[in-house]
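Below: the structure, in structure tokens.
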Amino acid sequence: MLPQGAEPVVRAFVERADIAALSLFMWAAVTTGLLVWTLKELAAANRRFDAFVRELARFNERAGRRRSHDGEEA
């Protein structure tokens, strides 16, 4: 259930009966992990959006050239 490196830390807290500190440590560890995961997902979404905008600009550029060759005005 716990990561391999966390067992000695948990054991030290439990032996001293400092459950409140253990709870705070676990909360901090989980929220830090969620923050890192959220930032990774946000960066990935930003890259996808950037790629979408670039493709949209390329499409608009091609469509604009085609329209000007056909003699139509925008």
- Item | Neighbours by Cβ (under 8 Å, 6+ apart or cross-chain): first from the range 16-40, more than 19 Å from residue 5 (Cβ to Cβ); second surrounded by 10 or more Cβ atoms within 10 Å (Cβ to Cβ) | 19/13
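Would you please name the residue that is farthest from the chain's Cα centre (by Cα), looking only at residues in the range 1-57 that are assigned to a helix (DSSP H, G or I) and acidic (Asp, Glu)?
15
Every number here is computed from the coordinates shown, using simple stated rules; none is lab data. Predicted, not measured: the structure shown is a model, and the values here were computed from it. Neighbour counts run over all protein chains shown; Cβ positions are idealised from the backbone, glycine included.
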